[in-house]
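Asks: Supplied in structure tokens, the structure appears directly below.
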Amino acid sequence: MVVDPRNWGARPEEREARYPCEGLLPPPAEEWFRAVTVRAERAVVFRWLCQLKVAPYSWDVLDNFGRLSPRSLTPGAEVLEHGQRVMTIFELTDFEVDRHLTMVLDTPWARGAFGGFAISYVVQDDGPGLTRLVVKLLVGRGGGPLGRLRCRAMAWGDLFMMRRQLETLRSLAEGTAGEHGRSDGATGK
């Protein structure tokens, strides 16, 4: 079985759908997808996505300076505003409560290291008590063979990090699905 690091878990129809991050990065850009099914309501999954303002929820030793990403919801993290920091190096550019968070990589050192990134985290119903968490990433490719090689290496690195992130968020959402109600305070566009 051949593994494509540009797609992990996304269904064909999810890869064909439109996402809010489209148009935020100039071409040429590669499209990467990551997706999981979560046994929790969409509002619960979205609330955990808001935690990305607090921590990355991936391999904490690598991307959170060794600090454990919180295992309980941080009060106020669900209050969203354009321009907020997400995972330290991203800026929240768009959102719709219980639907999506969209961001761009805007920190100068990170853009220099990784190039352009625009990302949409989308939550959608997938049956009773099930939510699909689908992430579309637009990634600046750069030119020539070196740019393509760099992009391919980054796809593998991102897959390693984001798979852990999505599995962690899934586990936390499923673990809290029945124990908390919707804590409103989030505002949309």
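The values are calculated or read from the model by the stated rules, or taken from the named source; none is laboratory data. Since we're looking at a predicted model, the values are computed, not measured. Cβ sites come from the backbone with ideal geometry, for glycine too, and all protein chains shown count toward neighbours. In case anyone asks, the SASA skips ligands and DNA or RNA and just uses the protein heavy atoms, side chains included. Shrake-Rupley method; radii C 1.70, N 1.55, O 1.52, S 1.80 Å.
Asks: Have a look at Val135, Val122 and point out the one that is within 16 Å of the chain's Cα centre (by Cα) and open to solvent by less than 10 Å² (accessible area, probe 1.4 Å).
Replies: Details: Val122 fails: open to solvent by less than 10 Å² (accessible area, probe 1.4 Å).
After applying the criteria, what remains is Val135.
Asks: Ile119 - would you say it is farther than 26 Å from Glu16 by Cβ and in contact with a strand residue (DSSP E or B) (Cβ under 8 Å, 6 or more places away or on another chain)?
Replies: Working: farther than 26 Å from Glu16 by Cβ: no; in contact with a strand residue (DSSP E or B) (Cβ under 8 Å, 6 or more places away or on another chain): yes.
Judged against the criteria, Ile119 is not a match.
Asks: Pull out all pairs, ordered by first then second residue, where Cβ-Cβ is under 7 Å, the residues are six or more apart or on different chains, the first lies in the range 71-87 and is modelled with pLDDT of 95 or more and in a loop (DSSP other than H, G, I, E, B), and the second is surrounded by 14 or more Cβ atoms within 10 Å (Cβ to Cβ) and of a type in the set (Ser, Thr, Tyr).
Replies: Glu78/Ser183; His82/Thr93
Asks: So which of Leu68, Leu24, Leu62 ends up being out of contact with any Lys or Arg (no Cβ under 9 Å at 6 or more places or on another chain), outside any loop (DSSP other than H, G, I, E, B) and either at pLDDT below 95 or open to solvent by 50 Å² or more (accessible area, probe 1.4 Å) (or both)?
Replies: Working: Leu68 fails: outside any loop (DSSP other than H, G, I, E, B); Leu24 fails: outside any loop (DSSP other than H, G, I, E, B).
Matching residue, one of Leu68, Leu24, Leu62: Leu62.
Asks: Could you tell me whether the range 39-54 includes any residue that is closer than 25 Å to Gly115 by Cβ, surrounded by fewer than 22 Cβ atoms within 10 Å (Cβ to Cβ) and either of a type in the set (Gly, Ala, Ser) or more than 15 Å from the chain's Cα centre (by Cα) (or both)?
Replies: No; the residues of the range 39-54 include none that is closer than 25 Å to Gly115 by Cβ, surrounded by fewer than 22 Cβ atoms within 10 Å (Cβ to Cβ) and either of a type in the set (Gly, Ala, Ser) or more than 15 Å from the chain's Cα centre (by Cα) (or both).
Asks: Please verify whether the range 153-161 includes one or more residues that are over 20 Å from Trp8 (Cβ atoms), surrounded by fewer than 22 Cβ atoms within 10 Å (Cβ to Cβ) and touching a residue at least 60 places away in the same chain (Cβ under 8 Å).
Replies: Step one: of the range 153-161, the residues over 20 Å from Trp8 (Cβ atoms) are none.
No; the residues of the range 153-161 include none that is over 20 Å from Trp8 (Cβ atoms), surrounded by fewer than 22 Cβ atoms within 10 Å (Cβ to Cβ) and touching a residue at least 60 places away in the same chain (Cβ under 8 Å).
Asks: Here is a follow-up. Can you find even one residue in the range 66-85 that is under 19 Å from Asn7 (Cα atoms), in contact with an Asp or Glu (Cβ under 8 Å, 6 or more places away or on another chain) and of a type in the set (Ser, Thr, Tyr)? Walk me through it before giving the result.
Replies: Taking the range 66-85 as the starting set, the residues that turn out to be under 19 Å from Asn7 (Cα atoms) are none.
Within the range 66-85, not a single residue is under 19 Å from Asn7 (Cα atoms), in contact with an Asp or Glu (Cβ under 8 Å, 6 or more places away or on another chain) and of a type in the set (Ser, Thr, Tyr).
Asks: A further question on this structure: Does Phe95 satisfy being part of a strand (DSSP E or B) and either at pLDDT 95 or above or among the basic types (Lys, Arg) (or both)? Quick ask: steps written out before the conclusion?
Replies: Working: part of a strand (DSSP E or B): yes; either at pLDDT 95 or above or among the basic types (Lys, Arg) (or both): yes.
Criteria met by Phe95.
Asks: Kindly evaluate Gly23 against the criterion of being on the phi > 0 side of the Ramachandran plot, touching a residue at least 12 places away in the same chain (Cβ under 8 Å) and of a type outside the set (Ser, Thr, Tyr). Don't jump to the end; show me each part of the working.
Replies: On the way: on the phi > 0 side of the Ramachandran plot: yes; touching a residue at least 12 places away in the same chain (Cβ under 8 Å): no; of a type outside the set (Ser, Thr, Tyr): yes.
For Gly23, the condition - on the phi > 0 side of the Ramachandran plot, touching a residue at least 12 places away in the same chain (Cβ under 8 Å) and of a type outside the set (Ser, Thr, Tyr) - is not met.
Asks: Would you call Leu101 open to solvent by less than 50 Å² (accessible area, probe 1.4 Å), in contact with a strand residue (DSSP E or B) (Cβ under 9 Å, 6 or more places away or on another chain) and not in a strand (DSSP E or B)?
Replies: no
Asks: Can you tell me which of Leu166, Leu146 is at pLDDT 95 or above and assigned to a helix (DSSP H, G or I)?
Replies: Numbers: Leu146 fails: at pLDDT 95 or above.
Just one listed residue meets the conditions, Leu166.
Asks: When both residues are 6+ apart or on different chains and their Cβ atoms are under 7 Å apart, which pairs have a first residue that lies in the range 88-114 and is hydrophobic (A, V, I, L, M, F, W, C), and a second that is at pLDDT below 90 and in a helix (DSSP H, G or I)?
Replies: Within 7 Å, the pairs are Ile89/Ala110; Leu105/Arg111; Leu105/Phe114; Phe114/Met154.
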